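So the structure is just underneath, and the comments pick up after that.
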Amino acid sequence: MIPSPERRRRIRWTLGAAWAAGIVLTGCTGAPPATSWPGLTADSDRAYVAFQSHVYAVDEQTGRELWRFPSEADPARTYYATPVLTGTGLLVVGGYDHKVYALDVERGTEEWRFDGAADRIIGGAALAGDLVLVPVADGKLYALRATDGELVWTFQADAGLWTAPLIDGETAYVPSLDHHLYAVRLSDGRSMWDVNLGSALVDTPSLIDGRLLVGTFEQRMLALQPGESQPVWTLPTQGLVWGNPAAADGVAYFGDIAGVMYAFHPEDGSEVWQYAQPNAIVPTPALDQGRLFFVTQAGEVFARNAVDHAPIWQTSEEQKAGLGRLLSEPRVQGDVLLVASMEGDRLLTAFDTASGDVRWTFAPTD
Amino acid sequence: MFWDTFILDPMINTLLRIYDLLGNNFGIAIVVFTAVIRALTLPLTFQQQRSTQKMQDMQKSKRWQDIQKKYKGEKQKQQEETMKLYQELGINPLAGCLPMLIQFPIIIGLYQSITRALASTPVELLDLSRHLYSWNPPSLIPLNNQFLWMNLAQPERLFLPFLPTVGIPVLTILVVITTYLQTKLTTPPSPDAQGSQMTKMMTLYMPFLLGWIAYTLSAGLALYFVASNVLAIVQYAVMGKVDWRSLIPGRAVVSQKP
């Protein structure tokens with residue numbers, strides 16, 4: 001039936017309103033979606049995980065929540081940066097609210113706060129002696145005194161810093177979205193050397209046998225001699241590389257988003273083995289006693305023999321949905337593998353490293 | 001999946017290609033991309049306008065008004081007679097809606113492609129990296145979000161040297177003004193009081209809605225709204241469809257009876 005002119009106008013009005021509502025709803029429905037993955041760190045007793053509204057401390061034996069910070073959720077404050085332990089009873093974590101918080105590890109109370117940053121803190125901080133180095137999304141690196149949060153110096157890159165710097169002796173290696181890796185002197189924050197690697201750098205470089213190993217969006221792993229601008233060797237990959245390598249027993253391991261896990265000799269980049277599966281591997285793998293643990297974006301956890309990638313255990317199909325997307329770096333603590341999830345039905349899962357059995361899961365309650 | 005493969009991915013990759021060709025300036029890329037999409041949908045705009053014009057002409061005719069008066073209390077009969085009139089004059093009453101329906105996903109796709117291309121967080125960047133065509137090198141991302149004084153991935157505020165603590169939402173103000181102008185200048189006058197009331201509501205409602213979105217979401221989107229509004233006004237002006245007199249205060253929106 002052909003609608004009347006009045007009805008047609010109503011239809012147009014409804015369509016117009018729907019168009020506007022569609023725009024609003026696309027970006028504004030319900031709780032804001034997570035914009036990064038959980039930041040996970042651990043000591044011998046506790047796991048600390050920063051995700052969305054809180055930083056949580058969780059008992060490693062039981063999976064019980066010990067404290068959360070802040071105690072009440074505040075929509076203006078979200079946390080994704082990997083927390084760092086100072087070794088003096090403090091846990092330092094940055095927020096999307098542009099602030100750096102030092103928390104008492106026992107109670108989760110705020111001990112000091114730095115509010116001099118001008119942008120979001122996405123990457124974890126790094127501990128360098130009595131300094132905490134905090135990367136900020138506006139490209140500034142802040143060196144704060146670990147004891148009280150006093151600003152000591154700053155360093156400015158040309159684009160955002162999304163990951164913690166690597167500390168080696170008196171130098172901080174600072175990866176930036178401006179494609180550069182900077183070597184910054186810890187005593188005064190001055191740049192000593194930098195190299196353009198051709199694409200954004202989003203993860204902390206690895207230092208193995210005196211060489212910096214850096215994965216790039218240009219689908220390659222590079223080995224650099226600090227102070228030199230040309231790579232020592234280049235290893236082409238099948239997908240872009242987000243997480244940098246972990247190494248043990250003379251072999252280094254990393255994955256790419258095409259789903260390939262690479263094992264190679266760090267001295268020359270020569271291949272030991274490759275293992276391909278279909279799902280993206282984002283974070284750095286974990287190594288423990290000859291076992292390689294890696295996670296995929298599709299919610300799988302793999303435990304493999306590091307020597308020849310022979311299977312030890314892996315998560316089942318049923319477990320995948322509950323685990324959600326696995327983008328955070330897994331951690332081995334004793335005989336437990338800690339895995340942090342986003343978009344799953346829990347935030348943390350503790351696997352028995354030998355059997356793959358789930359010891360406990362942790363899902364925060366409101 | 002269908003939406004990503006056939007609408008969003010081509011749009012994102014075209015946007016990134018333009019960004020690359022323009023020397024990595026995402027602000028200008030948004031403006032150019034909006035202009036390209038407007039140019040591509042121009043035939044639909046023409047069709048919609050022709051149909052609207054036909055309908056308006058018909059509604060001004062004596063026959064249509066006679067039908068409305070004669071069958072005022074008989075909605076069914078009124079509808080039947082109106083349909084007969086449509087058939088006689090060769091008017092398809094849905095012809096004006098169809099181009100709008102086709103443009104709807106394009107506009108949403110345009111909006112989403114800008115949001116996704118900005119990728120200002122790790123998850124967004126990771127997801128964007130998986131949607132790149134081979135002709136867009138991965139080194140292109142993340143995009144350079146700086147344009148003039150703005151970070152296009154963040155809500156825009158201008159801090160003046162003499163007013164360092166108060167951020168002025170310049171783009172939001174521009175969005176409100178240009179949306180008002182665009183709605184006022186390009187919405188054809190309605191032949192009756194009810195339609196006129198709806199037009200008035202749209203003229204007030206849309207600027208505030210889009211202004212609120214511009215105030216709270218990324219500056220890249222706000223820039224798109226401004227570009228889209230200005231281009232729409234220019235497009236209608238070139239076609240001679242802009243009624244500049246409608247900006248004069250107090251002028252009635254309801255068209256004169258023939």
- When the charge dipole of the protein assembly as shown is computed with +1 on Lys and Arg Cβ and -1 on Asp and Glu Cβ about the Cα centre, the Cα farthest towards its positive end, among A:GLY250, B:PHE104, A:THR171, belongs to B:PHE104
- Quick one: order B:LYS70, B:LYS62 by neighbouring beta-carbon count within 10 Å, fewest to most. B:LYS62, B:LYS70
- Calculate, axis by axis, the spread of Cα positions in the protein assembly as shown along the three principal axes, and write the results as whole Å, longest axis first. 93, 58, 48
- Task: Would you kindly calculate the translational diffusion coefficient of chain B, applying Stokes-Einstein with the Kirkwood radius from alpha carbon pairs, for 25 °C and a viscosity of 0.890 mPa s, and quote it in µm² s⁻¹ without decimals?
- Result: 118
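Rounded to the nearest 20 debye, what is the charge dipole size of chain A about its Cα centre when +1 sits on each Lys and Arg Cβ and -1 on each Asp and Glu Cβ?
Value, rounded to 20: 1680 debye.
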- In the stretch B:143-189, which chymotrypsin sites (Phe, Trp or Tyr not before Pro) fall in coil by DSSP and have 13 or fewer other Cβ atoms within 10 Å? B:TRP149, B:PHE162
- In terms of Cα to Cα distance under 17 Å, which aspartates and glutamates are near enough to B:LYS77, apart from those fewer than 8 places away along the same chain? A:GLU6, B:ASP66, B:GLU88
- Task: Taking chain B as the reference, fit the longest principal axis to its C-alpha atoms, fit the long axis of helix B:42-60 to the helix C-alpha atoms, and give the angle between the two in degrees, 0 to 90, nearest 10.
- Result: 20
- Query: Put +1 on the Cβ of each Lys and Arg and -1 on the Cβ of each Asp and Glu in chain A; which of A:ALA118, A:GLY108, A:LEU287 then has its Cα farthest toward the positive end of the dipole?
  - Reply: A:ALA118
- Message: Can you return the lysines within cross-link range of A:LYS140? Criterion is Cα-Cα under 19 Å, with same-chain partners fewer than 8 residues away left out.
- Response: A:LYS99
- Under the definition of partner shielding as Cβ atoms of other protein chains within 10 Å of a residue Cβ, what is the mean value for peptide B:137-146? 5
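When N is the residue count of the stretch A:199-329, what does its C-alpha Rg come to as a fraction of 2.2 N^0.38 Å?
1.01
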- Using Cα positions and a limit of under 19 Å, work out the lysines in reach of B:LYS84, with same-chain residues fewer than 8 apart set aside. B:LYS54, B:LYS60, B:LYS62, B:LYS69, B:LYS70, B:LYS72, B:LYS75
- Item | Value at 222 nm in deg cm²/dmol, rounded to 500, when DSSP H runs of n ≥ 4 in chain A each add -39,500 (n - 2.57) | -3000 deg cm²/dmol
- Message: Run lengths n ≥ 4 of DSSP H only: what is the helix-derived mean residue ellipticity at 222 nm for chain B, with -39500 (n - 2.57) per run over all residues, to the nearest 500?
- Response: -21000 deg cm²/dmol
- Could you size up the charge dipole of the protein assembly as shown around its Cα centre, putting +1 on the beta carbon of Lys and Arg and -1 on that of Asp and Glu, and report it in debye to the nearest 20? 5180
- Message: Based only on other Cβ atoms within 10 Å, what is the fewest-to-most ordering of B:ARG63, B:ARG157, A:ARG220?
- Response: B:ARG63, B:ARG157, A:ARG220
- Query: So what's the angle, to the nearest 10 degrees on a 0 to 90 scale, between helix A:5-28 and the longest Cα principal axis of chain A?
  - Reply: 20
- So, with points 7 Å from each Cα along the Cβ direction, the A:ARG77-B:VAL238 label distance in nm works out to 5.3
- For helix B:26-40, report the angle its Cα long axis makes with the longest principal axis of the Cα atoms of chain B; keep it between 0 and 90° and round to the nearest 10°. 30
- Note on the structure: Interchain or sequence-distant (5+) residues whose placed amide H lies within less than 5 Å of the amide H of A:VAL336 are A:THR353
- Which one of A:TYR96, A:LEU224, B:ALA227 has its Cα pushed farthest toward the positive end of the charge dipole of the protein assembly as shown, where Lys and Arg give +1 and Asp and Glu give -1 at the Cβ? B:ALA227
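May I ask you to sort B:SER246, A:SER206 by Cβ crowding, counting other Cβ atoms within 10 Å and putting the fewest first?
Going from sparsest to densest Cβ surroundings: B:SER246, A:SER206.
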- Message: Can you compute the FRET efficiency between A:SER191 and B:PHE159 using 1/(1 + (r/R0)^6), with r the Cβ-Cβ distance and R0 = 41 Å? Round to the nearest 0.05.
- Response: 0.90
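No value in this document is a laboratory result; all are computed from the given coordinates. Just so we're clear, the structure is a prediction, and the values are computed from it rather than from any experiment. Don't worry about glycine lacking a Cβ; one is built from the backbone with ideal geometry, like all the others, and counts go over all protein chains shown.
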